[in-house]
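Student: Before we start, here is the structure in question, set down as structure tokens.
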Amino acid sequence: MAQQENGRLSSEDTMSVRTLGSQFDEESSFGSDSEINGFPSLRRTDKYGFIGGAQQYSAESAQDVPLEVLRHREVKWLDMLNHWDKWISKRFKKVRLRCQKGIPPSLRGRAWLYLSGGKVKREQNPGKFEELDSMDGDPKWVDVIERDLHRQFPFHEMFVSRGGHGQQDLFRVLKAYTLYRPDEGYCQAQAPIAAVLLMHMPAEEAIQLDGEILNALLKRVCPPAYRHLEKHKIEPILYMTEWFMCAFSRTLPWASVLRVWDMFLCDGVKIIFRVGLVLLKCMLGSREKLKACPGQYETMELLRALEQRYMQEAFLVQQILELPISARDVEREHRMQLKRWRKTHGELSYKSPPRMHGAQAIMSAEPHTRQDLRQKPTIIVQYPLPSDTKSEFARVKKRSTIRKAPNLTFDVPNPYALPTDPKPAPLTNQTHETASNNQSKHPPPSLQQSHLTTPKQTPSSDPPASVVPPQPSPNLSRTPPPPQPSPKPKPAHVTEIPRSSNPAVTVQPLPLPKDSSNTNNSAHLIDPPPTTDSTPLLPDVAPVNGNSAAAPTVPGLRNSFESVGSEDTYL
Amino acid sequence: MQKEHLFKVLVIGDLGVGKTSIIKRYVHQIFSQHYRATIGVDFALKVLHWDSQTVVRLQLWDIAGQERYGNMTRVYYREAVGALIVFDVTRASTFDAVLKWKDDLDLKVTLSNGKPVPAVLLANKSDQSREGLRSQIPKLDTFCKENGFVGWFETSAKDNTNIEAAAKCLVEHILAYEENITNNTDPDVVALPGYNNNTKERVRTRCVTCSKF
């Protein structure tokens, strides 16, 4: 299965980098040097957009989620996002559980925005980014940021070309941040983070303190590893700086990064500690392993070359959830280490911004209105819901004894169905109709609307809750969002379908991403570089994924990969 | 009998001057435009067959260049016996920062006799210096003498210029110091582990340095 997937990836789902790089600009870092550098110019992108490097997709490092389950999860997530405040305040455990299982790739961008509190922040500070974006940055920071732009994810297609849209956007975000928090300015570790999501990172002293906390927790979790590090005078900042400052975004295989971030944004910083502890425990947990690295240098080398099997998505998530370290443990250790720190180093010189303590804490700390939480989709697809249009929240409340929502798998047809896919044919037609109806009423909204460029819009003019804005767009610089149309005549029954594509195009159902989790790449799928001449984005012949078609027995399936236990016992 | 030495060598300098590129070139004989910015610290090991009797293992510590990691360098510098300080010939500001790095180094680590660790200055990206800091180059001899560098080299990680030579120069100085130490040690005296022979000396040097400021 895995191999098949790989085969498919390289043949259909991908775009050659040459197309991207060379047509984007002549200065492409991939241009003339690519041969010299040993990169064959016909590198293929993986499903996350990587063209090489250690974090490129490999079937072994990732978990495969069947399509039915993914669709099922998307429906659940859309409902959660629709009633976000209720879910967070009343059914947070369920939200957590769903984060632990992994957020569906098509909704990840939006879910992260909600989990991190960015949604409310953005609503309450309309135009803030635009304001910062239009200001000139401090030349000191601008210079430093510019030196780093091409050095973040050099193997990601978004960041591959010098001055390409990925690097431009990264610059704007980082520069805006230095203006937003002039006291903090730019720290190199922000860049990999901002390349995925903009957020507050700990200051340098804080990272050392985090190191001490990690060390103290390690003493409890895995004494042999602790003693070994102690014996060889390996201070935490020698191995954990990059882990923590970049929230593992440069360390783990990409599938695992996303899962860790799903949990991190939901449950806060304890997840980062747990990941660190799991890795240390796995790498240094047994006598044989410690024998193999007798010195300081050997040990540090070992910790820089983490074994793939320990970072494999399913394994890692399981280990993280099983590790008995709670948020309270982290808090307690934080207080103790802070006390020690003050004794030895004096008062901390930084005023660190509050640490991420999870979506629930963020929600309760930030006054918000329902209006702030309203989803503001840019693409509208009407879609008849098979049974009821009531939210899962309402439904589940009624039947509170049912732990799992009834299996909707067969009620929810695949919205990404292929033209050649016979099953959901009638629905496809309806989608077609409604989509074109919509189109005739409103001009097609922006293809890509990133939260960075959200135009100021009056909330009242928004469509109720209908569509999925795609993941943060890599190319906001190229598609300035047009003013939002206000679809006044709102349809009676509108349900969201996670699809991130332009209505103008979606009259044809979007080709099914060949990997079940491929939708993550929506940005790349639907928004090719403007000059791409060859690669058809909607390939005509796209055979149905045999794997998912051959897997209709959902209960069995669920067991096989919903490996996440029903809850995280160490809260 | 073969002698084996293990030396910890720091590679420091401003952000983006090419520290990682120099190390990758030196250790793995490769060059790429696609290195990621170093966050924290990175490591590499180079084994040199110095002569028929001597093997030198160089632990190269690649230290993140951004200024704000500054207060973490104390941990990174510990027990280093040599340093390559790098600047970018196309950017004057990185040259201005060289002394800042040198001071930081001397402040946070010294040899067992209290002397500063040998440091070699690398003027990197020489392949790109059409004009740049060219005018500075002749002055570097004096600059090095005045500021306690044991030597300087115009290097290019891209073209593989002078990197081996710079490393060789550094190792020579480290070895010379090592021999000096061994020769001066009375063979009848056994140094107990944990006892620092040079404590007094170091204290004295520190005081001298302090009084200078």
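Student: Hey, can you tell me all the residues within the range B:105-126 that are under 21 Å from B:Thr20 (Cβ atoms) and surrounded by fewer than 16 Cβ atoms within 10 Å (Cβ to Cβ)?
Tutor: If the condition is that a residue be under 21 Å from B:Thr20 (Cβ atoms) and surrounded by fewer than 16 Cβ atoms within 10 Å (Cβ to Cβ), then no residue fits.
Student: For the range A:142-196: of the residues being surrounded by fewer than 22 Cβ atoms within 10 Å (Cβ to Cβ), assigned to a helix (DSSP H, G or I) and facing chain B (nearest Cβ under 10 Å), which is modelled with the lowest pLDDT?
Tutor: Only one residue fits best here, namely A:Arg151.
Student: Being assigned to a strand (DSSP E or B) and over 17 Å from the mean Cα position of the chain (by Cα) is the filter; apply it to the range B:43-57 and report the residue that is nearest to B:Gln29 (Cα to Cα).
Tutor: Looking only at the range B:43-57, we keep the residues that are assigned to a strand (DSSP E or B), and these are B:43-51, B:54-57.
Narrowing the set further to residues that are over 17 Å from the mean Cα position of the chain (by Cα) leaves B:49-51, B:54-55.
Values: B:His49: 16, B:Trp50: 18, B:Asp51: 21, B:Thr54: 22, B:Val55: 20 Å.
This residue is B:His49.
Student: May I pose another question? So which residues in the range B:88-103 are in contact with a Lys or Arg (Cβ under 9 Å, 6 or more places away or on another chain) and more than 12 Å from every other protein chain (Cβ to nearest Cβ), if there are any at all?
Tutor: In the first step, residues of the range B:88-103 are kept if they are in contact with a Lys or Arg (Cβ under 9 Å, 6 or more places away or on another chain); the result is B:88-91.
Within the range B:88-103, just B:Val89 meets the criteria.
Student: Could you check, for the range A:31-45, whether at least one of its residues is modelled with pLDDT under 90 and among the basic types (Lys, Arg)? Outline the logic, then answer.
Tutor: Initially, the range A:31-45 is screened for residues modelled with pLDDT under 90, giving A:31-45.
When the remaining residues are screened for being among the basic types (Lys, Arg), the result is A:43-44.
Yes, there is a match, as at least one residue in the range A:31-45 is modelled with pLDDT under 90 and among the basic types (Lys, Arg).
Student: Right, next: In this structure, is A:Cys293 of a type outside the set (Ser, Thr, Tyr) and out of contact with any Ser or Thr (no Cβ under 6 Å at 6 or more places or on another chain)?
Tutor: Numbers: of a type outside the set (Ser, Thr, Tyr): yes; out of contact with any Ser or Thr (no Cβ under 6 Å at 6 or more places or on another chain): no.
So A:Cys293 does not fit the description; no.
Student: Just the residues that are surrounded by 20 or more Cβ atoms within 10 Å (Cβ to Cβ) and over 20 Å from A:Arg370 (Cα atoms), please, taken from the range A:74-93.
Tutor: Within the range A:74-93, A:Glu74, A:Val75 qualify.
Student: Working only within the range A:323-369, note down all residues that are modelled with pLDDT of 90 or more and assigned to a loop (DSSP other than H, G, I, E, B).
Tutor: Scanning the range A:323-369 gives A:Leu323, A:Pro324, A:Ile325, A:Ser326.
Student: Does B:Ser32 meet the test of being in a helix (DSSP H, G or I), among the polar types (S, T, N, Q) and either buried (at least 21 other Cβ atoms within 10 Å of the Cβ) or within 12 Å of chain A (Cβ to nearest Cβ) (or both)? Break it down into steps so the answer makes sense when it comes.
Tutor: Working: in a helix (DSSP H, G or I): no; among the polar types (S, T, N, Q): yes; either buried (at least 21 other Cβ atoms within 10 Å of the Cβ) or within 12 Å of chain A (Cβ to nearest Cβ) (or both): yes.
When the stated conditions are applied, B:Ser32 does not pass them.
Student: Specify the residue that is surrounded by the fewest Cβ atoms within 10 Å (Cβ to Cβ); the eligible residues are those in the range A:288-331 that are touching a His at 6+ places or on another chain (Cβ under 7 Å) and not hydrophobic (A, V, I, L, M, F, W, C).
Tutor: My answer is A:Gly295.
Student: If you check B:Leu60, B:Leu6, B:Leu48, which single one turns out to be more than 10 Å from chain A (Cβ to nearest Cβ), surrounded by fewer than 20 Cβ atoms within 10 Å (Cβ to Cβ) and not basic (Lys, Arg)? Write out each step before concluding.
Tutor: Details: B:Leu60 fails: surrounded by fewer than 20 Cβ atoms within 10 Å (Cβ to Cβ); B:Leu6 fails: more than 10 Å from chain A (Cβ to nearest Cβ).
Within the list B:Leu60, B:Leu6, B:Leu48, the selection yields B:Leu48.
Student: Return the total of residues in the range A:203-256 being of a type in the set (Ser, Thr, Tyr) and surrounded by fewer than 20 Cβ atoms within 10 Å (Cβ to Cβ).
Tutor: Residues of the range A:203-256 that are of a type in the set (Ser, Thr, Tyr), as a first pass: A:226, A:239, A:241, A:249, A:251, A:256.
Then drop every residue that is not surrounded by fewer than 20 Cβ atoms within 10 Å (Cβ to Cβ), which leaves A:226.
So the answer is 1.
Student: At least 1 residues that are over 16 Å from the mean Cα position of the chain (by Cα) in each: list the helices (runs of 4 or more DSSP H) lying fully within the range B:58-173 that qualify.
Tutor: Working: elements: B:73-77, B:92-96, B:98-108, B:140-147.
Output list reads B:92-96, B:140-147.
Student: Which pairs do you get when a residue that is at the interface with chain B (Cβ under 7 Å from one of its Cβ atoms), found in the range A:226-245, comes within reach of a residue that is among the basic types (Lys, Arg), reach meaning Cβ atoms under 8 angstrom, with the pair 6+ apart or on two chains?
Tutor: Taking only residues 6 or more apart or on different chains, the pairs are A:Glu242/A:Arg250.
Student: In addition: Is the range A:125-134 home to any residue that is in a helix (DSSP H, G or I), within 14 Å of chain B (Cβ to nearest Cβ) and within 28 Å of B:Asp14 (Cβ to Cβ)?
Tutor: No; the residues of the range A:125-134 include none that is in a helix (DSSP H, G or I), within 14 Å of chain B (Cβ to nearest Cβ) and within 28 Å of B:Asp14 (Cβ to Cβ).
Student: Hey, could you check the range B:9-29 for residues that are closer than 15 Å to B:Gln66 by Cβ and assigned to a loop (DSSP other than H, G, I, E, B) and say which is farthest from the other protein chains (Cβ to nearest Cβ)?
Tutor: Taking the candidates together, the pick is B:Gly18.
Student: From the list A:Lys47, A:Lys121, which one is outside any loop (DSSP other than H, G, I, E, B) and within 26 Å of A:Val173 (Cα to Cα)?
Tutor: The match here is A:Lys121.
Student: Can I ask one more? Give just the number: which of (1) charged (D, E, K, R); (2) touching a strand residue (DSSP E or B) at 6+ places or on another chain (Cβ under 6 Å); (3) in contact (Cβ under 8 Å) with a residue 24 or more places away in the chain does B:Arg25 not satisfy?
Tutor: Exception for B:Arg25: condition (2).
Student: If the requirement is being in contact with a strand residue (DSSP E or B) (Cβ under 8 Å, 6 or more places away or on another chain), within 20 Å of B:Ile63 (Cα to Cα) and hydroxyl-bearing (Ser, Thr, Tyr), which of these qualifies: A:Thr299, A:Thr251, A:Thr241? Show your work before the answer.
Tutor: Numbers: A:Thr299 fails: in contact with a strand residue (DSSP E or B) (Cβ under 8 Å, 6 or more places away or on another chain); A:Thr251 fails: in contact with a strand residue (DSSP E or B) (Cβ under 8 Å, 6 or more places away or on another chain).
Unique residue meeting the criteria: A:Thr241.
Student: Could you list, ordered by first residue, the pairs with Cβ atoms under 6 Å in which the first is in the range A:296-320 and within 14 Å of A:Lys281 (Cα to Cα) and the second is outside any helix (DSSP H, G or I) and of a type in the set (Val, Ile, Thr), at least 6 apart or interchain?
Tutor: Partner pairs satisfying both residue conditions: A:Thr299/A:Ile234.
The values are calculated or read from the model by the stated rules, or taken from the named source; none is laboratory data. Small disclaimer: the values here were computed from a predicted structure and weren't measured. Note that we place each Cβ from the backbone using ideal geometry, even for glycine, and neighbour counts take in every protein chain shown.
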